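**Student:** The structure that follows is given in the form of structure tokens.
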Amino acid sequence: MIQEYLVASDTEDALKKKRANAKSVFYAGGTEINRIGSTVEAKTAISLAKLGLDTITDEGETIRIGSMVTLQQLIDSPLVPVWLKDAARFCGSFTKRNMATIGGNLALMSDYSYLAPALLASRCRLFTANLTEKGIYSEDSIPIREYHAYHKQFSGTLLLSISIYKDDRFVGSLRFGMSSQSQAAVTVGFGAMKDSEQVISQVRVYVAVHGKGVQRLDKVENGIENGELTRRDDVQLSVGHKLEAVDDISGSSDYKRYIASEGVGQLFSLFIKGGTR
Ligand SMILES: Cc1cc2nc3c(=O)[nH]c(=O)nc-3n(C[C@H](O)[C@H](O)[C@H](O)COP(=O)(O)OP(=O)(O)OC[C@H]3O[C@@H](n4cnc5c(N)ncnc54)[C@H](O)[C@@H]3O)c2cc1C
């Protein structure tokens with residue numbers, strides 16, 4: 001439970017405050033930190049509210065979304081692509097959407113994440129800030145797949161912003177849960193490119209599976225790219241084989257494998273038909 005609330009004056013100050021206190025967390029919207037039964041354990045909260053990370057800007061070839069941008073801001077902004085608005089709408093509560101941030105959602109990388117499957121499928125980049133062992137401030141830009149693959153190693157990293165390419169990449173995500181308020185059993189994200197000769201490339205398939213984390217299905221990605229998986233049925237079969245799932249309150253492992261394969265199959269089919277999300 002939070003007993004101390006500090007307000008960082010800039011990004012370096014936030015990192016320094018965090019390093020000074022092992023039992024501290026960055027405080028964005030606070031919706032997970034304050035949730036009953038939260039996964040986040042901390043005594044000190046370091047507010048990111050004064051860091052100016054709450055804007056969405058057009059940078060020519062990319063759109064830059066500050067980590068403190070709320071899910072509602074994503075929905076309201078004309079700059080944000082439809083696929084990301086769709087994912088933000090997975091959060092059914094207007095009140096929560098006005099508090100919950102994109103940075104907090106990504107940092108959690110939860111197995112019922114609203115945004116992670118879509119953002120991972122988009123191949124966006126993340127701007128991050130850190131302190132070196134000697135306490136020197138540094139900023140970096142990393143592909144989101146790296147942030148997912150080495151998530152534990154990024155635990156002290158401050159997310160500054162998310163950079164999304166304004167290309168014609170297909171990105172889609174679908175959420176399957178008992179209701180918009182309950183934790184999803186499965187959330188799928190699918191992204192890919194197709195050139196004028198219909199050659200498919202840069203396929204990304206990510207699935208957040210309740211009880212089993214956010215999984216990258218790289219064998220499915222490779223199968224689609226190298227032409228082994230060309231039909232929706234083949235893609236679905238492959239997703240069902242590769243997905244790791246367990247039985248829990250959100251559904252049986254068989255259900256999760258079935259619904260994840262349906263979800264990816266739907267998005268793959270839409271992509272092949274040239275649809276947009
Ligand atoms: C009833 C209820 C249901 C929920 N259901 C879902 C759900 O279905 N799916 C889902 O994804 N989430 C769910 N959540 C969790 C939460 O609302 C969202 O994940 C939200 O997007 C978290 O963002 P936040 O800004 O509130 O994060 P916070 O609660 O402020 O922080 C969450 C974590 O992220 C870290 N963090 C925050 N910002 C940064 C940053 N810029 N850099 C590095 N670390 C950072 C914090 O230190 C903390 O560890 C639910 C919460 C509640 C209360």
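The values are calculated or read from the model by the stated rules, or taken from the named source; none is laboratory data. This is a predicted model, so every value here is computed, not measured. Virtual Cβ from ideal backbone geometry, glycine too; neighbours counted across all protein chains shown.
**Student:** Would you point out the residue of segment 239-264, among those that are touching a Gly at 6+ places or on another chain (Cβ under 6 Å) and either polar (S, T, N, Q) or assigned to a loop (DSSP other than H, G, I, E, B) (or both), that is nearest to ALA121 (Cα to Cα)?
**Tutor:** SER261
**Student:** Out of the residues in segment 219-277 that are over 26 Å from LYS85 (Cα atoms) and small (Gly, Ala, Ser), state the one that is surrounded by the fewest Cβ atoms within 10 Å (Cβ to Cβ).
**Tutor:** The qualifying residue surrounded by the fewest Cβ atoms within 10 Å (Cβ to Cβ) is GLY227.
**Student:** Does LEU160 count as within 16 Å of the ligand (Cβ to nearest atom), not in a helix (DSSP H, G or I) and not assigned by TED's automatic domain parsing to the domain that holds ASN105?
**Tutor:** no
**Student:** Just for segment 25-42: of the residues that are surrounded by fewer than 16 Cβ atoms within 10 Å (Cβ to Cβ) and more than 6 Å from the ligand (Cβ to nearest atom), which one is farthest from ASN98 (Cα to Cα)?
**Tutor:** GLU41
**Student:** Being within 17 Å of the chain's Cα centre (by Cα) and surrounded by fewer than 24 Cβ atoms within 10 Å (Cβ to Cβ) is the filter here, so list the residues in segment 178-193 that pass it.
**Tutor:** Correct list: GLN183, ALA192.
**Student:** Oh, and also: Select the strands (runs of 3 or more DSSP E) contained entirely in segment 17-63, then report the ones holding at least 2 residues which are of a type in the set (S, T, N, Q).
**Tutor:** Correct list: 44-47.
**Student:** Those residues that are within 8 Å of the chain's Cα centre (by Cα) and either part of a loop (DSSP other than H, G, I, E, B) or farther than 19 Å from LEU48 by Cα (or both), I need them from segment 93-124; list them, please.
**Tutor:** Passing the criteria: MET109, SER113, TYR114, LEU115, ALA116, PRO117, ALA118, LEU119, LEU120.
**Student:** Can you list residue pairs whose Cβ atoms sit under 7 Å apart, with the first residue in segment 90-107 being among the hydroxyl-bearing types (Ser, Thr, Tyr) and the second being near the ligand (Cβ under 6 Å from one of its atoms)? Count only pairs 6 or more apart in sequence or on different chains.
**Tutor:** Filtered contacts from segment 90-107: THR101/ALA28; THR101/GLY29; THR101/SER67.
**Student:** Take segment 48-89 and flag every residue that is in contact (Cβ under 8 Å) with a residue 60 or more places away in the chain and charged (D, E, K, R).
**Tutor:** GLU59, GLU61, ARG64, ASP86
**Student:** Under the condition of being within 11 Å of the ligand (Cβ to nearest atom) and among the aliphatic types (A, V, I, L, M), which residue from segment 119-137 is nearest to ALA260 (Cα to Cα)? Give the steps one after another, and end with the answer.
**Tutor:** Going through segment 119-137, the residues within 11 Å of the ligand (Cβ to nearest atom) turn out to be 126-130.
Keeping just the survivors that are among the aliphatic types (A, V, I, L, M) gives 126, 129.
Details: LEU126: 26, ALA129: 34 Å.
Filtering segment 119-137 for residues that are within 11 Å of the ligand (Cβ to nearest atom) and among the aliphatic types (A, V, I, L, M), the one nearest to ALA260 (Cα to Cα) comes out as LEU126.
**Student:** Looking at segment 43-69, which of its residues are over 19 Å from ALA8 (Cα atoms) and within 9 Å of the ligand (Cβ to nearest atom)?
**Tutor:** Within segment 43-69, none qualify.
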